[in-house]
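Participant: Before I ask anything, here is the structure I am working with.
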Amino acid sequence: MVRVAVDTPLRRTFDYLAGEAEPQPGVRVRIPFGRRQLIGVVLELAASSDLPREKLKRVQDIIDPAPVFDAELLALLRWAADYYHHPIGEVLFAALPKLAREGAPARALRERWVATADGAAAHRAGALRRAPRQRVVLAALIGHGGLDAEALAALGAGARDAAHALVKRGWAATHEARDTCGADAALGTARPSPFHLTPEQEAAVDAIEAGQGCFGAFLLHGITGSGKTEVYLRLVERVLARGERALVLVPEIGLTPQLVGRFAARFAVPMATLHSALTGTTRLAAWRDALSGHARIVLGTRSAVFAPLAGLGLIVIDEEHDASFKQHEGGFRYSARDVAVMRAQRAGVPIVLGSATPSLESLHNAQQDRYVRLMLPRRTGVALPPRLALVDLRAEAMRNGLSTFVVETMRRHLDERGQVLVYLNRRGYAPTLACTACGWIAGCDSCDARLTVHARAARLKCHHCGADAALPARCPKCGYEVRAVGQGTERVEETLAALFPDTGLARLDRDVVRRDEELTAVLARVASGEARILVGTQMVTKGHDFPDVTLAVVLNADHGLFSTDFRAAERLAQTIVQVAGRAGRGARPGQVLIQTEYPEHPLLTSLLARGYEGFAETALAERRDAGWPPFGRLAAVRASARSLQDAIQFLGDVRRMMAAPRAIRLLGPAPAVMARRADRYHAQLLVESTERAALHRYLDAWLPMAENLPSARRVRWALDVDPLELF
Ligand code: ADP
Ligand code: ZN
């Protein structure tokens, strides 16, 4: 008898009878489910069932000869299902690529060529004297006990034709074979590193290596350009030399071809890259490479934390503070960073969390001695830290969002052959289209939001629901002229092109860059110096290393200063420091200008006077006073419905349904700041506690009741444990 999990929101498993050969836990099976046939994953073997034996159905088909989740990964996923209070079936299926969920074989077919007995005899008899190429191929087939297609091709041009000729003679045969685990483990070696480590880098590598073979969490806090990536590379080198495998997680936007290139340039080993932009078959192939053990390094974004990996030796999380590690939509909401720490702990391997701007959670963990903090306080080489200054927007003449002072400073840097980076957190041309006569403003019909002007495409777009309309030339209400108000990256690009007509300009945001190749092309224009001004959104703040950038400008810091979300300040500080980190990476010192209307704001002044450390200290003290994470534990119950009343009603019922014990504080229900999105109304209820265990006991108790509430039928709702964004 086996206990099977299926991809449904039901919080339970299902028992099935199996034949003689019971499928092992972690194996996919086909099962009858109601009137359908479903794919399920065997969770465990069972000696008995709550159902009488004659009521149990049989497993129809065992898909995998060997588990696709080993015991360790299965245990991790069960922990995640518990911790995030999510049905185990959906958790397991979230860990599989789509095609694997649909039953695609877990092992790829590989073309294999072997010599036949006749071929071996002919070879011994010294045949093929006049067909040297066939002779070489036959010898190789015999010598290696067969070759797969890649190895055959490596014998040189014409080897494949020669192999076909051998098949015709009956001296060779070809067939398709499944990958065998680790059989192709031709261990590549690392290329020598181009430089000696700095003493700080060496200390970091040594500290992490000293803990090799057991769990340890290391917070690698190094300013941008201090050589964190080099530390990862050295650690991975040691891991590979021991025959173990490394899992490297990067933010959604951080998996640039540059980073993959750096790993590929250093290590001549098979690598699997896993990210959401991959097509179905490529993703399946990468997952298979991880599962079979072919891949020595798995490099991926959020969901790669669930990649199958035998012989794991190290986990690295780059830019650990990045919000894209948190899945905050859909059913199963998890933090890949937190799951990774748990995975490392269960596997008994070190985990490195790297960042120039660690999350307050991780800094707190380091203060509590749960993580070991390793510092890289200096940039490698000659680069000095950049100088930061605030530009008071109230005192400056402005042109389309650019102050005179910023424009003059840009001109000076460009004249001195520097490059300039301009950051703005808003894409499009302008965030508002307004009538100059009657005050009409273009709003979204489905959201509580304004439509963004996209001038070049001549469209009005909603950035929340995707609504898209033609850009009107006149006010639809009074027929008078309309005007674009405010700045987006497209408009800043236009303004800069007018101000600096002879300077190459590049823009980086989701409107101009949709695919990897486009990103590579833009970055190449900046790297070559052809583009000397780079304007963009969040995308410009991540990971790129341009030695000639000497000035970085934050066009508007104020969005993060007065938010209802208690994490907004942390995010703003991180962005400013990350943008600043792009300036002055080469021999020339960098300068950073931050435009604001609130130059006396304590967040900005503490950040400028005492750096990220100083900011973090202030911010952590505030969190402690307010009882927010990391000092308190938080879960959000989120609901949306066709009417705000339905959403609030459900959350109100949830709140009334179960009296909260003393350790629990309930906040809400309250409508989201932007209540209406895509014609649905959103609201939330926060559950807060200083004790993690109490919070989870509470959630365990009320979840089944909430699911059965009559008002639940009119809403879509989800539980978000450790939410990153509050709205
Ligand atoms: P980070 O990941 O912290 O931003 P990187 O690892 O990318 O830093 O290093 C920044 C630059 O310094 C890279 O060009 C890298 O090749 C170089 N670098 C790293 N370590 C050293 C070192 N020990 N000596 C000289 N250059 C180094
Ligand atoms: Zn909308």
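Participant: Given the criteria buried (at least 18 other Cβ atoms within 10 Å of the Cβ) and under 32 Å from the mean Cα position of the chain (by Cα), does residue 683 qualify?
Facilitator: yes
For every residue, the table says whether it meets (1) in a helix (DSSP H, G or I); (2) not small (Gly, Ala, Ser).
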residue: 593; (1), (2): no, yes
residue: 625; (1), (2): yes, yes
residue: 635; (1), (2): no, no
residue: 665; (1), (2): no, yes
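Participant: Could you check residue 606 against (1) open to solvent by 20 Å² or more (accessible area, probe 1.4 Å); (2) free of Cβ contacts under 8 Å to residues at least 40 places away in the same chain and say which number it fails?
Facilitator: Status for residue 606: all satisfied but (1).
Participant: Determine, yes or no, whether residue 423 is away from ligand 1 (no atom under 16 Å from the Cβ), among the aromatic types (Phe, Trp, Tyr) and in the same structural domain as residue 529 (by TED's automatic domain parsing).
Facilitator: yes
Participant: Let me ask you something else. In the range 275-285, which residues are in contact (Cβ under 8 Å) with a residue 40 or more places away in the chain and under 24 Å from residue 27 (Cα atoms)?
Facilitator: 280, 281, 283, 284, 285
Participant: Then there's this: What pairs come up if the first residue lies in the range 439-457 and is open to solvent by less than 20 Å² (accessible area, probe 1.4 Å) and at pLDDT 95 or above, the second is more than 7 Å from ligand 2 (Cβ to nearest atom) and hydroxyl-bearing (Ser, Thr, Tyr), and their beta carbons are under 6 Å apart, counting only those six or more places apart or on different chains?
Facilitator: Cβ pairs passing all conditions: 453/429; 454/429.
Participant: Please find, among 472, 476, the residue that is open to solvent by less than 40 Å² (accessible area, probe 1.4 Å), touching a strand residue (DSSP E or B) at 6+ places or on another chain (Cβ under 9 Å) and away from ligand 2 (no atom under 16 Å from the Cβ).
Facilitator: From the options 472, 476, the qualifying one is 472.
Participant: Separate question: State all residues of the range 686-706 that are free of Cβ contacts under 8 Å to residues at least 60 places away in the same chain and either open to solvent by 40 Å² or more (accessible area, probe 1.4 Å) or assigned to a strand (DSSP E or B) (or both); if no residue qualifies, say none.
Facilitator: Residues satisfying the conditions are 686, 687, 689, 691, 692, 693, 697, 701, 705.
Participant: Since residue 527 meets every condition but one in (1) touching a residue at least 40 places away in the same chain (Cβ under 8 Å); (2) open to solvent by 20 Å² or more (accessible area, probe 1.4 Å), which condition does it not meet?
Facilitator: The single condition residue 527 does not satisfy is (1).
Participant: Also: Which residues, taken from the range 118-165, are among the acidic types (Asp, Glu) and buried (at least 16 other Cβ atoms within 10 Å of the Cβ)?
Facilitator: Selection gives 148 alone.
Participant: Which of the residues belonging to the range 394-435 are open to solvent by 70 Å² or more (accessible area, probe 1.4 Å) and under 30 Å from residue 480 (Cβ atoms)?
Facilitator: The answer is 398, 399, 426.
Participant: Taking the condition within 23 Å of residue 275 (Cβ to Cβ), buried (at least 20 other Cβ atoms within 10 Å of the Cβ) and in the same structural domain as residue 585 (by TED's automatic domain parsing), does residue 509 pass?
Facilitator: Yes; evaluated as a whole, the condition is true for this residue.
Participant: While we're looking at this one, here's another question. Only one of (1) within 17 Å of residue 356 (Cα to Cα); (2) open to solvent by 30 Å² or more (accessible area, probe 1.4 Å); (3) within 25 Å of the chain's Cα centre (by Cα) is not met by residue 520, so which one is it?
Facilitator: It fails just one condition, (1).
Participant: If I filter the range 510-560 down to residues being closer than 19 Å to residue 581 by Cβ and small (Gly, Ala, Ser), which single residue comes out as nearest to ligand 1 (Cβ to nearest atom)?
Facilitator: So, considering only residues that are closer than 19 Å to residue 581 by Cβ and small (Gly, Ala, Ser), the one nearest to ligand 1 (Cβ to nearest atom) is 543.
Participant: Quick check on this structure: which one of 100, 122, 127 is farther than 30 Å from residue 27 by Cβ and part of a helix (DSSP H, G or I)?
Facilitator: 122
Participant: Then there's this: Among the candidates 71, 80, 46, which residue alone is open to solvent by 10 Å² or more (accessible area, probe 1.4 Å) and more than 18 Å from residue 31 (Cα to Cα)?
Facilitator: Exactly one residue qualifies, and that residue is 71.
The values are calculated or read from the model by the stated rules, or taken from the named source; none is laboratory data. For clarity, every value in this text was computed on a predicted model and none was experimentally measured. Neighbour counts run over all protein chains shown; Cβ positions are idealised from the backbone, glycine included. For the accessible areas, the whole protein counts, side chains as well, though only heavy atoms, and no ligand, DNA or RNA atoms are used. Shrake-Rupley method; radii C 1.70, N 1.55, O 1.52, S 1.80 Å.
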